[in-house]
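> If you scroll down you'll find the structure; I have some questions about it.
The values are calculated or read from the model by the stated rules, or taken from the named source; none is laboratory data. What you see is a predicted model; the values in this text were computed from it and never measured. For neighbour counting, all protein chains shown are included, and Cβ atoms are generated from backbone atoms with ideal geometry for every residue, glycine included. Accessible surface areas use protein heavy atoms only, side chains included; no ligands, DNA or RNA. Shrake-Rupley method; radii C 1.70, N 1.55, O 1.52, S 1.80 Å.
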Amino acid sequence: TQKQNQAQTQAQQAPPVIAAMPVSLLSHEEAITADVRRALAEDVGTGDLTASLIPHGRPAQGRVISREAAILCGCRWFDACFHALDATASITWRAQEGERIEAGQTLCDITAETRALLTAERAALNFLQLLSGTATVTRRFVDAVAGTGAQVVDTRKTLPSLRLAQKHAVRIGGGTNH
């Protein structure tokens, strides 16, 4: 029939299914590690040209300072970015996950091998910004409905491959997962 032919044609044109373990079957740490590996692979690709200009093995220090008030979220993803490239990296947090932070507040200090610090910082900051942003907006909505009996509930419609991270950010912001 015509409907069967259309369905067959659509199936042939559809992209192949990528086999991946569902996020729900991964432990939280495995999911964070997988998120970080994907982010670093996408960001760095075949190498970090800027970092390659620096001699290997030199230690470096960095500091993250908030530009605006927010709910801090994504510390474990941030840490994992640096530890993926330098197992000896040290991150000392001056604020805690879920804490309200102010503009100009020092969030953490980092000590790592210079190349690792330069290569990991972009992905690490991206996780921190995305997840803190989600937690902050969630908190605004939670505060807005406080005392009404209403709940702020997330959706399963998240960024591809970042469901666990975004759902974590909603919980940190005071929301409830769907």
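> Looking at (1) under 26 Å from SER90 (Cα atoms); (2) out of contact with any helix residue (DSSP H, G or I) (no Cβ under 8 Å at 6 or more places or on another chain), which is the one condition that is false for ALA150?
Single failed check for ALA150: (1).
> Which one is most open to solvent (accessible area, probe 1.4 Å) among residues in the range 64-89 that are in contact with a Leu (Cβ under 8 Å, 6 or more places away or on another chain) and under 15 Å from LEU118 (Cα atoms)?
LEU85
> Let me ask something additional. Can you find even one residue in the range 112-121 that is assigned to a strand (DSSP E or B), open to solvent by 70 Å² or more (accessible area, probe 1.4 Å), among the hydrophobic types (A, V, I, L, M, F, W, C) and in contact with a strand residue (DSSP E or B) (Cβ under 7 Å, 6 or more places away or on another chain)? If you could, list the steps in order and put the result at the bottom.
Quick first cut of the range 112-121, residues assigned to a strand (DSSP E or B) only: 112-113.
When the remaining residues are screened for being open to solvent by 70 Å² or more (accessible area, probe 1.4 Å), the result is none.
No, because not a single residue in the range 112-121 is assigned to a strand (DSSP E or B), open to solvent by 70 Å² or more (accessible area, probe 1.4 Å), among the hydrophobic types (A, V, I, L, M, F, W, C) and in contact with a strand residue (DSSP E or B) (Cβ under 7 Å, 6 or more places away or on another chain).
> OK, next. Among all residue pairs at least 6 apart or on different chains, which show Cβ distances below 7 Å where the first residue, located in the range 143-172, is farther than 30 Å from GLU42 by Cβ and the second is in a loop (DSSP other than H, G, I, E, B) and of a type in the set (Lys, Arg)?
The qualifying pairs do not exist here.
> Related question: What's the total number of residues in the range 69-92 that are within 30 Å of GLY57 (Cβ to Cβ) and more than 17 Å from the chain's Cα centre (by Cα)?
Residues flagged as within 30 Å of GLY57 (Cβ to Cβ) and more than 17 Å from the chain's Cα centre (by Cα) within the range 69-92 amount to 6.
> If the requirement is being without any contact (Cβ under 8 Å) to a residue 60 or more places away in the chain, closer than 16 Å to ARG171 by Cα and basic (Lys, Arg), which of these qualifies: ARG67, ARG58, ARG100, ARG94?
Only one candidate qualifies: ARG100.
> If the Cβ limit is 7 Å and pairs must be 6+ apart or interchain, which residue in the range 28-54 that is over 12 Å from GLU121 (Cα atoms) pairs with which residue that is among the hydroxyl-bearing types (Ser, Thr, Tyr) and open to solvent by less than 40 Å² (accessible area, probe 1.4 Å)?
Short answer, once both residue conditions are applied: ILE54/THR114.
> Condition check: of a type outside the set (Phe, Trp, Tyr), in contact with a helix residue (DSSP H, G or I) (Cβ under 6 Å, 6 or more places away or on another chain) and over 25 Å from GLY174 (Cβ atoms). Does THR119 satisfy that?
The answer is yes for THR119.
> Considering only the range 137-168, state which residues are modelled with pLDDT of 95 or more and buried (at least 21 other Cβ atoms within 10 Å of the Cβ).
Scanning the range 137-168 gives THR138, ARG139.
> Is it the case that LEU128 is in contact (Cβ under 8 Å) with a residue 60 or more places away in the chain and under 26 Å from GLY173 (Cβ atoms)? Let's see the steps before the verdict.
On the way: in contact (Cβ under 8 Å) with a residue 60 or more places away in the chain: yes; under 26 Å from GLY173 (Cβ atoms): yes.
So LEU128 passes the test.
> To continue, here is another question. Got a sec? Which helices (runs of 4 or more DSSP H) wholly within the range 1-59 have at least 3 residues that are open to solvent by less than 50 Å² (accessible area, probe 1.4 Å) and either at pLDDT 55 or above or over 20 Å from GLN166 (Cβ atoms) (or both)?
In the range 1-59, 28-44 are the helices (runs of 4 or more DSSP H) which contain 3 or more residues that are open to solvent by less than 50 Å² (accessible area, probe 1.4 Å) and either at pLDDT 55 or above or over 20 Å from GLN166 (Cβ atoms) (or both).
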